[in-house]
Amino acid sequence: MRAMEAGFADPVSDAQAAFRAVLDAMARPGRLAHFAAPAEVPPGLGRAAAALALTLVDMDTAVWLGPACAPAADWLRFHCSARLAASPAAARFAFATAGECPPLAQFDLGTNEYPDQSTTLVLEVPGLARGGALTLRGPGIETVEHVGIAGLPSGFWGQRDMLHELFPRGLDIVFVAGNTALALPRTTRVEG
Amino acid sequence: MTVSVPDPATAGDPATAARQRWMRVLAKAMPGELAAACAALGQMPRAAFVRPPETGLALLRGRIGGRGAPFNFGEATVTRCVVRLEGDAAGPMGFGYVMGRDKNRAEQAAMLDALLQRGNEGAARQIDKLEAAQAARIAAQAARAATSKVDFFTLVRE
């Protein structure tokens with residue numbers, strides 16, 4: 001077995017801190033969350049993505065990995081006891097990079113009875129910034145927030161807009177870039 | 001009482017069998033024995049935790065009924081730890097699993113496993129010593145039990 005990168009140095013405190021960070025990011029779309037742990041990151045995942053995996057993934061949540069994230073499969077099995085899903089539609093969590101993200105409708109969008117069972121997509125992008133070209137509106141945002149998300153394929157926002165009419169079904173997305181994360185729950189409207 | 005499920009991919013492989021032997025010896029060593037074995041090896045190489053020592057419950061299964069069906073008969077406190085030897089990037093990972101909640105013991109078992117995977121001869125000698133001590137303990141207990149053995153050969157039915 002290949003020598004593995006370590007997980008959280010202090011599993012309880014580090015996972016609680018990361019959970020709080022992603023919870024705040026989901027509750028306040030447009031604000032950036034920062035992750036300092038884990039100290040070592042596996043191949044295929046950035047630090048924020050690795051922290052989300054260690055915090056949210058366990059043996060009950062099937063994970064789908066995009067091709068660029070696939071080298072992290074052993075690490076996910078070791079630290080999270082995670083099952084790998086064969087297709088995006090069977091995954092509770094999906095990790096992918098922006099360039100190779102499958103069409104958003106291919107993920108599990110939940111059911112009208114259980115919309116919470118949809119896939120949460122963790123999408124690695126080249127850069128995240130506050131005050132960019134995108135305007136966010138919706139729950140958790142007092143007026144508007146402006147963010148910049150780099151490297152998304154053309155047509156991405158069109159695909160996401162198509163999901164709005166399915167509400168309460170939908171897709172929650174966490175964009176990650178290195179140590180930072182920006183959450184975009186299904187309720188947030190994006191313009192620009 | 002152990003229920004072991006052989007992995008068809010590695011069953012019968014001599015390297016796997018050797019590792020299974022020392023993992024069994026390390027898991028069954030008495031608390032002081034692992035510390036003594038590590039002390040006997042002198043300076044330990046630098047290592048990083050891949051999984052810091054953590055304590056949890058392991059489900060115990062056994063064939064304890066008369067019919068021989070597997071039965072979940074309880075849980076045991078187990079402490080486990082995984083270390084990675086530093087120095088070479090592809091350094092082996094050592095796994096330690098011990099009963100109880102002694103984190104030092106789990107770390108010592110993991111360090112010894114990593115050293116043994118590297119072919120450390122001093123560690124291999126310590127395993128031989130631990131195995132002999134365990135065999136002696138079992139033999140002593142068997143001898144003590146044998147003194148209370150009752151022979152029923154006179155109770156042959158007519």
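Only the coordinates and a few stated rules stand behind these numbers; no lab work does. Computed from a predicted model, the values in this text were never measured in an experiment. Every residue, glycine among them, receives a Cβ derived from its backbone with ideal geometry; neighbour counts consider all protein chains shown.
Quote the FRET efficiency, to the nearest 0.05, computed for A:Ala89 versus A:Ala129 with a Förster distance R0 of 25 Å and r equal to the Cβ-Cβ distance. Before the final figure, lay out each step's value.
Numbers: r = 32 Å, r/R0 = 1.27.
Step by step, r from the Cβ atoms, then E = 0.20.
Taking the Cβ of B:Ala69 as the center, what net charge do the other residues with Cβ under 13 Å away carry, scoring Lys and Arg +1 and Asp and Glu -1? Before the final figure, lay out each step's value.
On the way: positive: B:Arg61, B:Arg63, B:Arg67; negative: none.
Net of charged neighbours comes to +3.
Report the extension gain between B:Thr55 and B:Arg118 in nm, rounded to one decimal, defined as 0.36 nm multiplied by the number of residues separating them, less their alpha carbon distance. Don't skip to the end; give the middle numbers.
Details: separation 63, 0.36 × 63 = 22.68 nm, distance 2.67 nm.
Value of the extension gain: 20.0 nm.
Under the rule of -39500 (n - 2.57) per DSSP H run of 4 or more residues, summed and divided by the residues of the protein assembly as shown, what mean residue ellipticity at 222 nm is obtained, to the nearest 500 deg cm²/dmol? Can you show the working numbers first?
Details: 8 runs with 109 residues, N = 350.
Helix contribution divided over all residues of the protein assembly as shown: -10000 deg cm²/dmol.
Using only Cα atoms, locate the centre of the stretch A:56-104 and the centre of the stretch A:125-192, then give the distance between them in Å, rounded to an integer.
Centre-to-centre distance over Cα atoms comes out at 21 Å.
Grab the Cα-Cα distance for A:Asn112 and A:Phe167, subtract it from 0.36 nm times how many residues apart they are, and report the gain in nm with one decimal. Could you put the intermediate results ahead of the total?
On the way: separation 55, 0.36 × 55 = 19.80 nm, distance 0.82 nm.
Stretched out fully, the A:Asn112 to A:Phe167 stretch lengthens by 19.0 nm.
Per residue of B:46-53, count partner chain C-beta atoms within 10 Å of its C-beta, then hand back the mean as an integer.
Details: counts 0, 0, 6, 3, 9, 7, 6, 0.
Per residue, the number of nearby Cβ atoms from other chains is 4 on average.
What nm value, rounded to one decimal, do you get for the distance between B:Asn72 and B:Phe153 when each label is placed 7 Å out toward the C-beta?
Label-label distance for B:Asn72 and B:Phe153, simple model: 4.7 nm.
Can you return the aspartates and glutamates within cross-link range of B:Lys129? Criterion is Cα-Cα under 16 Å, with same-chain partners fewer than 8 residues away left out.
B:Glu33, B:Asp113, B:Glu121
How compact is the stretch A:34-192 by the rule of thumb for globular proteins, expressed as Cα Rg over 2.2 N^0.38 Å? Could you put the intermediate results ahead of the total?
Details: Rg = 15.0 Å, N = 159, 2.2 N^0.38 = 15.1 Å.
Normalised Rg, Cα atoms only: 1.00.
Helix B:121-146 versus the longest principal axis of chain B: what angle, 0 to 90°, nearest 10, using Cα atoms?
Computed tilt is about 20 degrees.
For chain B, find the longest principal axis of its Cα atoms and tell me its angle to the long axis of helix B:103-117, 0 to 90°, nearest 10.
80
What is the angle, in °, between the Cα long axis of helix A:47-56 and the longest principal axis of the Cα atoms in chain A? Nearest 10 is fine, range 0 to 90.
80
Looking only at Cα atoms, what is the convex hull volume of chain B per residue, in Å³?
On the way: hull volume 27.7 nm³, N = 158.
Cα-based convex hull of chain B, divided per residue, equals 175 Å³.
Between A:Ala73 and B:Ile64, what is the label-to-label distance in nm when each label sits 7 Å out along the Cα-to-Cβ direction?
For the pair A:Ala73/B:Ile64, the computed spacing is 3.9 nm.
Just to verify a number: FRET efficiency for A:Arg189 and B:Ala35, C-beta to C-beta distance, R0 = 41 Å, to 0.05? Write down the numbers at each step before the final one.
Details: r = 62 Å, r/R0 = 1.51.
So, using R0 = 41 Å, E works out to roughly 0.10.
What's the local net charge at A:Ala68, with K and R +1, D and E -1, over the other residues with C-beta under 14 Å away?
Details: positive: none; negative: A:Glu100, A:Glu124.
Result for the local shell: -2.
Roughly how big is the protein assembly as shown's charge dipole about its Cα centre, with Cβ charges of +1 (Lys, Arg) and -1 (Asp, Glu), in debye to the nearest 20? Please list the in-between numbers first.
Values: 35 positive and 34 negative charges, 211 e Å.
The dipole of the protein assembly as shown has a size of about 1020 debye.
Calculate, for B:Ala18 and A:Gln16, the FRET efficiency according to 1/(1 + (r/R0)^6) with r their C-beta to C-beta distance and R0 35 Å; round to the nearest 0.05.
0.30
Quick one: net charge around B:Gly96, please, counting Lys, Arg +1 and Asp, Glu -1 for every other residue with C-beta under 9 Å from its C-beta.
On the way: positive: B:Arg80, B:Arg105; negative: B:Glu107, B:Asp113.
Summing Lys/Arg as +1 and Asp/Glu as -1 gives 0.
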